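**Student:** Here it is, the structure in full.
The values are calculated or read from the model by the stated rules, or taken from the named source; none is laboratory data. None of these values were measured; they are calculated from a predicted model. Glycine gets a Cβ as well: all are built from the backbone with ideal geometry, and neighbour counts include every protein chain shown.
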Amino acid sequence: MSHMANGAFGNIRALVARDLLDAVRNPTTLMSCGAGALFTAFIGSVVATSSRLMPGEADAFAQVAVLCIAPAFAGCVIELYVMAEERERGAYVTLVEAGVTAGEIAVSKWLSAVLVTLATQAVSCLLLGLAPARAALLLGLSAFGVQPLLFAGLVAGLSAREQMSSSLLAVPLTVVALAPILAFMSSTVRAITWFWPLGPVVEILCTASGMDAMAPVPVLAGLAVVWTAAMSALAARSCRRFARDLATERNRLA
């Protein structure tokens, strides 16, 4: 069992290292991550200084922008676009033939998405000039808070068979990710989005900045846990289907 665990860990580590290197070398992923950081810095500095926002709201808005934009522009791109591209050219069948399991592929993509998301958020914090202590707290909260969206992105990536379908699946993910930002402009939008996947963590950030939350913090934390559990369960189910599909493709090519 220990030998199998070590083998799985080694495979995952190698796949993550390859994904992170590809994220730097691939113009599409690099541009997407850079665009996410620049877009965050732009709206976080321009909109946050708007007269429509109170001082506490301005601080919260900048942090919410950091939280919400990076997983959509960086993490989900790794999971969705890259997975669709690799699957389209048969890379996963080759990996399976080399002894890598579908679960190891899925875990590596999820972990790569988490790391790329946090890296993009760290750059966004630097561009916005956030204090190191505040940036560290934000990244710590984000490491947990963005998991529902990243698991949803993994579900989409495991389901996409080509880049065309990945483009369609990216639309709802982007809407879910960015909608909480619009909540600062409309109380109606906030009343709808606070219980969406990123909504509970957004509300916790708002509370920390002195704003009134839509629900008590324990309720928000519980809702975030429920979203994470639900999306991770859906990702596990999608991974099993992904494994069956790869086995079918492998048998067809044999």
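**Student:** Among the listed residues GLU86, GLU79, which satisfies the condition of being farther than 22 Å from SER232 by Cα, modelled with pLDDT of 90 or more and of a type in the set (Asp, Glu)?
**Tutor:** Only one candidate qualifies: GLU86.
**Student:** Have a look at SER166, SER124, SER142 and point out the one that is outside any loop (DSSP other than H, G, I, E, B), buried (at least 17 other Cβ atoms within 10 Å of the Cβ), at pLDDT below 95 and on the phi < 0 side of the Ramachandran plot.
**Tutor:** Just one listed residue meets the conditions, SER166.
**Student:** Across the range 164-188, what is the number of residues that are of a type in the set (Val, Ile, Thr), free of Cβ contacts under 8 Å to residues at least 60 places away in the same chain and within 25 Å of SER32 (Cβ to Cβ)?
**Tutor:** If we filter the range 164-188 for residues that are of a type in the set (Val, Ile, Thr), which is where we start, we get 171, 174-176, 181, 188.
Applying the additional criterion that residues be free of Cβ contacts under 8 Å to residues at least 60 places away in the same chain yields 171, 175-176, 188.
With the extra rule that they be within 25 Å of SER32 (Cβ to Cβ), the set shrinks to 171, 175-176.
Number of matching residues: 3.
**Student:** From the list LEU223, LEU246, LEU205, LEU178, which one is surrounded by 15 or more Cβ atoms within 10 Å (Cβ to Cβ) and closer than 21 Å to GLY103 by Cα? Even if it seems obvious, please write down each step before you answer.
**Tutor:** Details: LEU223 fails: closer than 21 Å to GLY103 by Cα; LEU205 fails: closer than 21 Å to GLY103 by Cα; LEU178 fails: closer than 21 Å to GLY103 by Cα.
None of the other options fit; the residue is LEU246.
**Student:** Among the residues that make up the range 148-161, is at least one of them within 19 Å of PHE73 (Cα to Cα), at pLDDT below 90 and of a type outside the set (Val, Ile, Thr)?
**Tutor:** Yes, the conditions are met somewhere in the range 148-161.
**Student:** Okay, moving on. Could you name every one of the helices (runs of 4 or more DSSP H) located completely within the range 180-254 that has at least 3 residues being among the aliphatic types (A, V, I, L, M) and over 17 Å from CYS68 (Cα atoms)? Full working, then the answer.
**Tutor:** Values: elements: 187-193, 199-208, 217-253.
Correct list: 217-253.
**Student:** Which residue, of SER209, SER238, is touching a helix residue (DSSP H, G or I) at 6+ places or on another chain (Cβ under 9 Å) and under 18 Å from GLY157 (Cα atoms)?
**Tutor:** SER238
**Student:** Let me ask another. Of VAL66, VAL114, which residue is assigned to a helix (DSSP H, G or I), modelled with pLDDT of 90 or more and closer than 21 Å to SER186 by Cα?
**Tutor:** VAL66
**Student:** Quick one: would you say ALA135 is touching a helix residue (DSSP H, G or I) at 6+ places or on another chain (Cβ under 6 Å), outside any loop (DSSP other than H, G, I, E, B), more than 21 Å from ALA183 (Cβ to Cβ) and free of Cβ contacts under 8 Å to residues at least 24 places away in the same chain?
**Tutor:** Working: touching a helix residue (DSSP H, G or I) at 6+ places or on another chain (Cβ under 6 Å): yes; outside any loop (DSSP other than H, G, I, E, B): yes; more than 21 Å from ALA183 (Cβ to Cβ): yes; free of Cβ contacts under 8 Å to residues at least 24 places away in the same chain: yes.
Spelling it out, ALA135 is indeed touching a helix residue (DSSP H, G or I) at 6+ places or on another chain (Cβ under 6 Å), outside any loop (DSSP other than H, G, I, E, B), more than 21 Å from ALA183 (Cβ to Cβ) and free of Cβ contacts under 8 Å to residues at least 24 places away in the same chain.
**Student:** Of the residues PRO197, PRO172, which single one is within 15 Å of ALA72 (Cα to Cα) and buried (at least 23 other Cβ atoms within 10 Å of the Cβ)?
**Tutor:** Numbers: PRO172 fails: buried (at least 23 other Cβ atoms within 10 Å of the Cβ).
None of the others qualify; the one that does is PRO197.
**Student:** Next question. Can you confirm whether LEU253 is under 24 Å from THR29 (Cβ atoms), out of contact with any strand residue (DSSP E or B) (no Cβ under 9 Å at 6 or more places or on another chain) and not small (Gly, Ala, Ser)? Can you show your working first?
**Tutor:** Values: under 24 Å from THR29 (Cβ atoms): no; out of contact with any strand residue (DSSP E or B) (no Cβ under 9 Å at 6 or more places or on another chain): yes; not small (Gly, Ala, Ser): yes.
When the stated conditions are applied, LEU253 does not pass them.
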